[in-house]
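**Q** Got a structure for you, questions after.
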Amino acid sequence: MKYEVVIGLEIHLELKTRSKLFCGCSTIFGKEPNTNCCPVCLGLPGSLPVFNRRAIELAVTAAVALNSSVQLKSRFDRKNYFYPDLPKAYQVSQYDQPLARGGYLRVELDGSSRNVKLERIHLEEEAGKLVHSGESIMGSDYSLVDYNRAGIPLLEIVTSPDITSGREARVLLEELRSVLLYSGASDCRMEEGSLRCDANISLRPPGSEMLGTKTEVKNMNSFRAVELALNYEAGRQEEILAAGGAIAQETCHWDEEKKETIPLRSKEGSSDYRYFPEPDLLPLVLEEAFIKEISAALPELPAARRERFKKQYNLHSSEAILFTVNRSLGDFFEAAAGKYSDYNNLAKWVQGDLLYYLRESGKTAEEIDPQKIVELLIMLDQGQINRPVAKDLLNEMVLKGTSPQKMVRDKGLERISGDEKLLPIIEKVIDENSDAVENYRQGKDKAIAFLVGRVMALTRGRADPGEVNKMIKEIISRR
């Protein structure tokens, strides 16, 4: 590409509260349309808003987790625009005095890491939701309005124009999601609309400090969609500039089916919203002790957890990332690591067979007792069972929660090894499968696998395949 890509994100995060930002209506998702509403969130005459303290606590929690500077005094404003899902014809938001300023999020990409700067973090109320008669607004004959979401507390996180590609934007959002989940500020369920992202993107000549004309891309409903949409829009803008054209400042809709951005309307500026201070709310004044208390209560965050896992347990970067992104799996690993010191072996089993069986069964690591995998690995290390049996036991442990030690005792699954136990079985298999023996002598190595399989079947999987393979070859070579 002949141009530098410049991207800034506007991320809207639904805070994890039970009631709305300025009233007591429920925030529960999926209720019948227009049942979680009251005069306050509908903006009816005479109704007055009241702050939700829990929303403020969670907003400050998120801001501190993102290294942002929480302002002791912030103010709410009315953002005026007309749209069917906005019952008041204005949105209570924050403009020139936001909750927090600055901050950064560290992203790792292609073996390197850097801080992506944040500009601001502010509180605002959610709008309602349009329900279209067709699959999208573009192909619908009409739309209905559900105001259940109106008034839900949102946190808007605005990055600086500091992102250089669609992929980097995706990585940043994935890291942001982890931070917010760890902090407890939000459940970050994109499928329920509690984490959404709009993006501003422009191009400029390499080395230039001036920003080009930007477009805003909306309707990106997954991290993958963000990456695809921004890469497509960058290519679209480059084609226009290469042909001598000019970029129009407009809002574009990402069409997931066609995998392309579609211009919708000219992009508004801040002056179009006619911001002015919200007359029904006093300024939000916080005490330093309140901020310090929330900061002290923050749990270990993803970046710190990744580094600790690498140092404390000598894990590879990919393992530390997996156990951070999948928090319950990482918690399971750490609980087991407290009783089993071969961390690398434990990590291989947890991220490999255990994770596979969890996905197959639809269960989570929280449903499995870490002590049971410790029992399993100790029996394997001591030679009481072999690896195939261990894998079967692990699957049963996930499905039924049974103790591996109990299953070994009840089913007689102890490992069979040594000449005394294995030799008669192997000689019997060799004697009964002379064709396979002859094939092996003629250089057909697959014949050994057949013979090993027969021994494993007769021992019900209790022999070690490597030991059986070696013994078969030795016996054939002596005959």
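**Q** Residues to consider are Leu228, Leu241, Leu301, Leu286; find the one that is in contact with a Leu (Cβ under 6 Å, 6 or more places away or on another chain), surrounded by 12 or more Cβ atoms within 10 Å (Cβ to Cβ) and touching a residue at least 24 places away in the same chain (Cβ under 8 Å).
**A** Leu286
**Q** Taking the condition of being among the hydrophobic types (A, V, I, L, M, F, W, C) and not in a loop (DSSP other than H, G, I, E, B), how many residues in the stretch 239-278 meet it?
**A** 8
**Q** Count, please, the residues in the stretch 234-262 that happen to be under 24 Å from the mean Cα position of the chain (by Cα) and closer than 20 Å to Thr164 by Cβ.
**A** Adding up the residues that qualify gives 1.
**Q** Residues in the stretch 144-161: is at least one among the small types (Gly, Ala, Ser) and farther than 23 Å from Leu66 by Cβ?
**A** Checked the stretch 144-161: at least one residue is among the small types (Gly, Ala, Ser) and farther than 23 Å from Leu66 by Cβ.
**Q** Within the stretch 191-203, is even one residue surrounded by 15 or more Cβ atoms within 10 Å (Cβ to Cβ), outside any loop (DSSP other than H, G, I, E, B), free of Cβ contacts under 8 Å to residues at least 60 places away in the same chain and of a type in the set (A, V, I, L, M, F, W, C)?
**A** No, because not a single residue in the stretch 191-203 is surrounded by 15 or more Cβ atoms within 10 Å (Cβ to Cβ), outside any loop (DSSP other than H, G, I, E, B), free of Cβ contacts under 8 Å to residues at least 60 places away in the same chain and of a type in the set (A, V, I, L, M, F, W, C).
**Q** Here's a follow-up. Just to be sure before I move on: is Leu451 in contact with a helix residue (DSSP H, G or I) (Cβ under 9 Å, 6 or more places away or on another chain), at pLDDT below 75 and among the hydrophobic types (A, V, I, L, M, F, W, C) in the structure I sent?
**A** When the stated conditions are applied, Leu451 does not pass them.
**Q** Something else about it: When the residues of the stretch 106-126 are narrowed to those that are among the hydrophobic types (A, V, I, L, M, F, W, C) and at pLDDT 95 or above, which ends up nearest to Ser19 (Cα to Cα)?
**A** Only one residue fits best here, namely Leu123.
**Q** Suppose we filter Pro404, Pro388, Pro424, Pro465 for residues that are surrounded by fewer than 17 Cβ atoms within 10 Å (Cβ to Cβ) and in the same structural domain as Tyr356 (by TED's automatic domain parsing); which single one remains?
**A** On inspection, the qualifying residue turns out to be Pro388.
**Q** Picking from Tyr142, Tyr95, which residue would you name as being surrounded by fewer than 18 Cβ atoms within 10 Å (Cβ to Cβ), among the hydroxyl-bearing types (Ser, Thr, Tyr) and modelled with pLDDT of 90 or more?
**A** Tyr142
**Q** With among the charged types (D, E, K, R) and surrounded by 20 or more Cβ atoms within 10 Å (Cβ to Cβ) as the only criterion, which of Glu135, Glu119, Glu125, Glu108 stands out?
**A** None of the others qualify; the one that does is Glu125.
**Q** Starting from residues that are within 25 Å of the chain's Cα centre (by Cα) and exposed (fewer than 12 other Cβ atoms within 10 Å of the Cβ), keep the ones in the stretch 20-41 and report whichever is farthest from Leu144 (Cα to Cα).
**A** That would be Ile28.
**Q** For the structure I just gave you, tell me whether Tyr357 is over 30 Å from Gly330 (Cα atoms) and hydroxyl-bearing (Ser, Thr, Tyr).
**A** Spelling it out, it is not the case that Tyr357 is over 30 Å from Gly330 (Cα atoms) and hydroxyl-bearing (Ser, Thr, Tyr).
**Q** Collect the residues in the stretch 68-93 that are within 32 Å of the chain's Cα centre (by Cα) and free of Cβ contacts under 8 Å to residues at least 40 places away in the same chain, keeping them in residue-number order.
**A** Ser69, Gln91
**Q** Which condition does Val374 not pass, out of (1) of a type outside the set (S, T, N, Q); (2) surrounded by 15 or more Cβ atoms within 10 Å (Cβ to Cβ); (3) at pLDDT below 80, if it passes all the others?
**A** In the conditions (1) of a type outside the set (S, T, N, Q); (2) surrounded by 15 or more Cβ atoms within 10 Å (Cβ to Cβ); (3) at pLDDT below 80, Val374 misses (3) alone.
**Q** Right, another one. Please work out which residue is modelled with the lowest pLDDT, limiting yourself to the stretch 204-228 and to residues that are assigned to a loop (DSSP other than H, G, I, E, B) and under 23 Å from Glu256 (Cα atoms).
**A** Among residues in the stretch 204-228 that are assigned to a loop (DSSP other than H, G, I, E, B) and under 23 Å from Glu256 (Cα atoms), the one modelled with the lowest pLDDT is Asn221.
**Q** Determine whether Ile472 is surrounded by 12 or more Cβ atoms within 10 Å (Cβ to Cβ), under 30 Å from Glu375 (Cα atoms) and touching a Leu at 6+ places or on another chain (Cβ under 7 Å).
**A** No.
**Q** Can you pull out every residue in the stretch 430-448 that is free of Cβ contacts under 8 Å to residues at least 24 places away in the same chain, part of a helix (DSSP H, G or I) and surrounded by 13 or more Cβ atoms within 10 Å (Cβ to Cβ)?
**A** Matches in the stretch 430-448: Ala436, Asn439, Ala447.
**Q** Could you check how many residues of the stretch 426-479 are touching a strand residue (DSSP E or B) at 6+ places or on another chain (Cβ under 9 Å) and of a type in the set (Asp, Glu)?
**A** 1
**Q** Kindly list the number of the only condition in (1) farther than 30 Å from Lys363 by Cα; (2) assigned to a loop (DSSP other than H, G, I, E, B) that fails for Arg460.
**A** (1)
**Q** What are the residues in the stretch 312-341 that are polar (S, T, N, Q) and part of a helix (DSSP H, G or I), if any?
**A** Passing the criteria: Gln312, Ser317, Ser318, Thr324, Ser328.
The values are calculated or read from the model by the stated rules, or taken from the named source; none is laboratory data. Note that the structure is a prediction, hence the values are computed from the model and not measured. Cβ atoms come from the backbone with ideal geometry, glycine included; neighbour counts cover every protein chain shown.
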